[in-house]
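Worksheet for the structure shown next.
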Amino acid sequence: MPNIPAAKIVIPESDRREILARIDESLRTGALTLGPLTKQFEQDFAALTGSRYAIAVNSGTSALEIPLRVLGVEGREVIVPSNTFFATPAAVLHAGGRVRFADVDPRTFALSLETVRRAVTPQTAGVVLVHIGGLVSPETPAIAAFCREKGLFLLEDAAHAHGSTLGQKSAGTFGVAASFSFYPTKVMTSGEGGMIVTDDERIYREALQYRDQGKEGFTTNFHVRLGYNWRLSELHAAVGVSQLKRLPEFLTDRRRAADEYTSRLRGLKGLTPVLPAAGSLSNFYKYIVRLEPGIDRARLKKTMKETSGVSLSGEVYEIPCHRQPVFASYATGPLPGADEACGRHICLPVYAGMTTAEVDQVVRALSSALKAERTPSCA
Ligand SMILES: Cc1ncc(COP(=O)(O)O)c(C=O)c1O
């Protein structure tokens, strides 16, 4: 029985050759940063999301911090779901803001209109909505409308959501700006890297300055903002351009594997898959399965690995941010939805090129591990 990895990074040989040829050309010409490959990556990514502008940066984390700086969060509160990666609240703090953790609906893993409403205070500057696992919550348009009505910004942390949609709209186009990550485990990668998308010309122009040490323009040394070196190198852009071309194929593969999981898991007791809402397409960065109370997640994962060679990835996320020591001073009260979402789910392996036989092996492993969970031990 072959081992099933938690995730796989797919860069086919023909793509590797093409990437190396592009890198060779960069080395030959000396255009090593903010050059033609970065421009192409930006244009192609803007086209993917249907955004007017895209700004390539060196990480998903800087793709969050830059728009937060442009939007001016200094001394103000930003609402962030607690079940997110460290970088979401950390970017708010680095941009000079204060984090207000909000609860989520454990059925969607996302902020709801109600949890946003409850978290708003007179100090609120805006909301960061995170599309966990590539799922775009059906409440996203209502949250966007609420933010517009209240004069709050909505920033989407779409680090997980390349190619996800709700209705006819791409993830990343519901708020004033959005950030994407190209970290290696993501649906597409550039090695390291990130992208900001926006339709707002001011955000675009200022983001270009923040990305490059706050310089007024690329060729000047006149610094108008407290920027940083958030540039993406041409070598990373070469990988990004290639991976973006593969994205439609990656999405087809992931969605097929996800559909196979969904039909095979239907009869299994003890779990509920978290699926995109009607009219929404996930990129299935993660295939999230909620577990019934009482199932020991760590033991379940160990059983699957030891008896069937199936590795499950880390959760999204295991510990909510309001329980992380570094954010202790921002914990304002109980967040039962985030605790439930974080405490009771697993992520099944999904990757481009995953075969039906591999899906079957995962489902068999999960089914027998769940049975073992329900069988009282003799000890
Ligand atoms: C939800 C979320 N936001 C932001 C980031 C930060 O992206 P990066 O690792 O590219 O800085 C990640 C990365 O894993 C993420 O999962």
(request) For A171, work out the one condition from (1) more than 18 Å from A145 (Cα to Cα); (2) within 16 Å of the ligand (Cβ to nearest atom); (3) out of contact with any strand residue (DSSP E or B) (no Cβ under 6 Å at 6 or more places or on another chain) it doesn't fulfil. (result) (1)
(message) Looking at the range 118-142 only, could you name the residues that are more than 16 Å from the ligand (Cβ to nearest atom), assigned to a loop (DSSP other than H, G, I, E, B) and aliphatic (A, V, I, L, M)?
(response) V120
(request) State all residues of the range 11-33 that are farther than 16 Å from M188 by Cβ and under 24 Å from the mean Cα position of the chain (by Cα); if no residue qualifies, say none. (result) none
(message) Scan the range 10-24 and tell me whether some residue there is loosely packed, with under 13 Cβ neighbours inside 10 Å and assigned to a loop (DSSP other than H, G, I, E, B).
(response) no
(request) Find the residue count for the range 333-365, including only residues that are closer than 24 Å to L111 by Cβ and of a type outside the set (A, V, I, L, M, F, W, C). (result) 9
(request) Could you tell me which residue of the range 288-319 is nearest to P89 (Cα to Cα), considering only residues that are touching a strand residue (DSSP E or B) at 6+ places or on another chain (Cβ under 8 Å) and either of a type in the set (D, E) or within 16 Å of the ligand (Cβ to nearest atom) (or both)? (result) V316
(request) Can you run down the residue pairs with Cβ atoms below 6 Å, 6 or more apart or on separate chains, where the first is in the range 334-356 and free of Cβ contacts under 8 Å to residues at least 40 places away in the same chain and surrounded by fewer than 22 Cβ atoms within 10 Å (Cβ to Cβ) and the partner is among the aromatic types (F, W, Y) and assigned to a strand (DSSP E or B)? (result) none
(message) So if I check each of T198, T220, which one is hydroxyl-bearing (S, T, Y) and over 23 Å from A171 (Cβ atoms)?
(response) T220
(request) Output the residue which, of all residues in the range 188-215 that are small (G, A, S) and crowded, with 22+ Cβ neighbours inside 10 Å, is nearest to the ligand (Cβ to nearest atom). (result) G194
(request) Look at T185 and say whether it is more than 9 Å from the ligand (Cβ to nearest atom) and either polar (S, T, N, Q) or surrounded by fewer than 21 Cβ atoms within 10 Å (Cβ to Cβ) (or both). (result) no
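Laboratory data are not the source of any read-out in this text; all were calculated from the coordinates shown. Model, not experiment: these values are computed from the prediction. Positions of Cβ are backbone-derived with ideal geometry, glycine not excepted, and every protein chain shown enters the neighbour counts.
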